[in-house]
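Okay, so here's the structure we're looking at.
The values are calculated or read from the model by the stated rules, or taken from the named source; none is laboratory data. A quick note: this is a predicted structure, and the numbers were derived from the prediction, not measured. Here Cβ is always computed from backbone atoms with ideal geometry, including for glycine, and neighbour counts include all displayed protein chains. Heavy atoms of the whole protein, side chains included, go into the accessibility calculation; ligands, DNA and RNA do not. Shrake-Rupley method; radii C 1.70, N 1.55, O 1.52, S 1.80 Å.
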Amino acid sequence: MAGKNTVNHQRMREINSRALLNTIRLNGPKSRKELAGILNLDGTTVTNLVRDLLRRGFLKTPGEYSYGSRGKPGELLSINPDGAQIAGFSLQENMTVSGLLANLNGEIIYQEHFELRPDTPGEKIIGQVEQSIAEILHRTAPEKLLGISVSLPGIWQNGDEIHTRSAAIPQIREFNMRGLNFHSTPKDKIHFSGNLFSLAEAEIWFGKSGNCKNFLLVHLDYGIGAACVANGSLVTGSKGLFGEIGHFYVGPDASCVCGKKGCLEAFASIPAINGRFAEEHSQASGNYDGSFDAFTQVVEAFNSGDAKTVSQVSEIADKIAQATGNAMNLVFPEKLILHGELLKLGPRFIEALTEKLKKYVLEEIYANFEIVSSELTHNSTLAHGSTVYFLKKFFLENF
């Protein structure tokens, strides 16, 4: 019985410690007295918790005081951002490898990016990811490292082996991501996430979702997909495959890398647009050598009002609206957040997409949702979002 009581006491102490840290994270510096009132804990318990968290380096005293109406001023306590670090990595479908270190405030304290050619062999891509891991881990101390999180593209499932199927990077499909060299980091400190889920977590913690607890994020880029946040929690599905709207059937029967026909991704992704418009350019010029940047030309032609391009982009917007609208009817989001390279088409594209959604979204949803463009467009977004997993483990008692 004594052993069980000890375990329960340790567990309760850990829960209270996380609650105290999260209260300061959400509300800013607080005195011991203020924390006791907010957490409904007695003063002795709070003092003991604070003493332990100061010793472990997770709290600091910034030298400021809280002045109440009675009693002596209370010393304020704040999160020590340097008390721990998280390493985050991502492989993006635009062939960018990113690595970073973040502190307990979620602030990026170091980052690096490597841009690879689309035809880079799979083993060299994996080698670049491992080089980034080695460089980032060299910049932190093992005792300070909360964990390593890796964000991956494409479709994959968490298991003893992880193989990702990405339309943009097919050459990595044979590689087991669990076999990456993490330099003796314990397995419980290694986490894998999908790029869409990392993007959604970044929006929750660092982006424009604000206090919105129900939103749908749609990524329009080299791949197309969605992530859903319901009641403040990310919806992943039983196998972590929720949100594959890029493989909703929208017609016409364009062939998709998934092996099926008519997928949205086969019609409206950057590679699909590049392929279709580059082919038209080749037919028109009679001399296509593969160097033509089709999407850049599409953006320019669309915004200059070229009638043919406007019509083609309108059709793309309609297909995206069809798939997105079906997803919205399923989850009833308060906010639709758009992200990705397709947004380079500009405000006219978003206006067209918003108008097209009327055809596919229930009236009750359309009248009560907001559509916004994500501001998280830098290369570190996915790696940064992946670190949220360990921030949640550190701060949230029920995670």
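Structure data summary
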read-out	value
Residue tally, condition under 17 Å from the mean Cα position of the chain (by Cα) and open to solvent by 60 Å² or more (accessible area, probe 1.4 Å), over region 222-240	2
Residue within region 204-216 that is over 30 Å from residue 366 (Cα atoms) and under 16 Å from the mean Cα position of the chain (by Cα) present	no
Enumeration of residues in region 142-159 that are closer than 24 Å to residue 83 by Cα, in contact (Cβ under 8 Å) with a residue 12 or more places away in the chain and either charged (D, E, K, R) or part of a loop (DSSP other than H, G, I, E, B) (or both)	144
Tally, over region 127-139, of residues that are touching a Leu at 6+ places or on another chain (Cβ under 8 Å) and open to solvent by 20 Å² or more (accessible area, probe 1.4 Å)	4
Answer from 375, 300 - the residue that is in a helix (DSSP H, G or I) and open to solvent by 70 Å² or more (accessible area, probe 1.4 Å)	300
Unmet requirement for residue 368, which otherwise passes all of (1) free of Cβ contacts under 8 Å to residues at least 40 places away in the same chain; (2) part of a helix (DSSP H, G or I)	(2)
Qualifying positions in region 174-196 - surrounded by 14 or more Cβ atoms within 10 Å (Cβ to Cβ) and in a loop (DSSP other than H, G, I, E, B)	175, 180, 181, 182, 185
